Structures are given as structure tokens and as C-alpha cells.
1. Taking a 1.4 Å probe, which of L157, L148 shows the most accessible area, and what order do the others take after it?
2. Probe 1.4 Å, all protein chains in place: accessible area of T130 in Å², nearest 10?
3. What does the accessible area of L26 come to, in Å² to the nearest 10, when a probe of 1.4 Å is used?
4. Give me the percent of the accessible area of the range 75-125 that comes from carbon and sulfur atoms, probe 1.4 Å, all protein chains in place.
5. Cα centroid distance between the range 17-52 and the range 115-130, in Å?
6. Once ligands and nucleic acids are excluded and a 1.4 Å probe is used, how much of D158 is accessible, expressed in Å² to the nearest 10?
7. Write down the accessible area per residue of the range 25-70 in Å², having rolled a 1.4 Å probe over the full set of protein chains.
8. Classify the range 16-122 from the C-alpha gyration tensor, please: rounded if a/c falls under 1.5, else prolate or oblate depending on whether a/b exceeds b/c.
Amino acid sequence: SAAAATAGTAAKLAPSKAKLHTEIALLDREIEARKRQFGVEMFDHCSPLTKEQSFYADEDKLTQVLRPSLIQAQREIAALEGKKNNFKQLLADKQTKRANAFPVPAYVGEQAVNAGKTVAMMGSEARTKTDMAVKERLILAAKQEFGLELFDVLVGLDDQGWLPPDRDVRSIYDQCKRDIDNFLKKKDEKQERLRHLGGEGGTGVLSSSAMRKSSGATNTPAITYGKEVSPQQSGTMASF
């Protein structure tokens, strides 16, 4: 019957559709991962600016774009760095204590006791190392979140005809934009193949074409830029 034939065709296409849905989802993750990498690169490049008093007073467009997200990320990371350094000092103290715990060779009867104490000390050190690693992961995550926010802001401004005038900032942004555009192109191709198979073109997120149109608009945080600067005006930050 026609119904049986239709069901048979759908069953044959199901593995191909499932594969395409998986590949599209993987591309979505690649896009987010690339934005997170962008955040680490951009934060490490721009972070020294927060140590300059002029950064808090400059009114050029690039500084105004970077300042809200950068200051927030810098404060969060500075607090985490302080806690990580405390754990680092604590670890050094524990290691010194263990090294000096048994200066005199133990008698046979004491060796087992000392071995137990050493194991306990090393366990305490391991826990402190774990605490340090947790702080390091949180620091990395804060930089990545900075990238997720800032990239969409820059794309939105790019769509309006404004690009970062600073050479290094522009280079970091342009490379990330090229990489993401490549991912979006691959996603477009897979969505088109999925539509030809009779499936939906998305995976619960914006299609790649929609992402290009809306990137930096729907997810852009509210930022007050003050006086607008035309694309022809450089507005470079003196601190760079």
C-alpha cells in the first residue's frame, strides 16, 4: 500500500537524517567552542588595559565596546586568581611541612606510623591541588564567557559597518569570524541536505543563515556607547 511504501521510505531515510542532525549539532558546538577560544585570546590581549587609569575614562568607540564586559570579567578573574594563589601558598606550606616532618630516620616500629602520616599529608596536598585546578577551570570559563558576549557584540557592530580599528583586536576578531563563517557554511550545506530528505533544517537553534542575520542583535547586551564614532574615525586606544 501507499502507506507502507511511505513508511518504508521514511525508515530508509531515518539513519541519514539522524546522522545529519548529529553533524549539525556538532557544528553548533564547534561554533560555541570557537567563540570561547576567541574569549581567551581577546581577554589575554586586552586585560592589561584595566591596569591603566585612562581605560576607565577614554571615550573612543573601541574602549566603550570592550569596557563593560572586560571590567566584569577582570573582576571575576581577579577574585579567582586570589583564591588560587591562596591555595598555591597553602600547598607549598603543606609540602614543606611534609618534607620536614621526619628529619631523623625512623626505627622499624615507627616506619609504618610515619608512612601512614606521609600518606595522609600527601592526600591533603592532593585535595589542595584539586582546589587549585577548580579555580583554574573557573578562570578559563570566565574568559570564555567574555568571548561569547563580546563576539556577538562585535558582529552586531560589524553588520552596522563598524570594525575594531586596533590591528591586534581586529586580527583576533577577523580570524574567529572566518572560522565561524566556515562552520556556518558547512551547517548550511547539511541543513539543505536534510531539507531534501524531508527533514527539518535545524536542531533547535537558529539556522546558519538566521545566525548571520541576527548575530550580535538578539543576544547583544545593552551597552551605552555615548557619542557614536563613524567607521572612518579610527578611535584607537592609546593603551594598545
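The values are calculated or read from the model by the stated rules, or taken from the named source; none is laboratory data. Because the structure is predicted, anything quoted here is derived from the model rather than measured. Please note that ligands, DNA and RNA were not included when accessible areas were found on the heavy atoms of the full protein model with its side chains. Shrake-Rupley method; radii C 1.70, N 1.55, O 1.52, S 1.80 Å.
1. L148, L157
2. Probe radius 1.4 Å; accessible area of T130 about 80 Å².
3. Number for this one is 80 Å².
4. 59
5. Computed from Cα coordinates, the inter-centre distance equals 37 Å.
6. We get 40 Å² for D158.
7. On a per-residue basis, the range 25-70 sits at 44 Å².
8. Oblate, since a/c reaches 1.5 and b/c is not below a/b.
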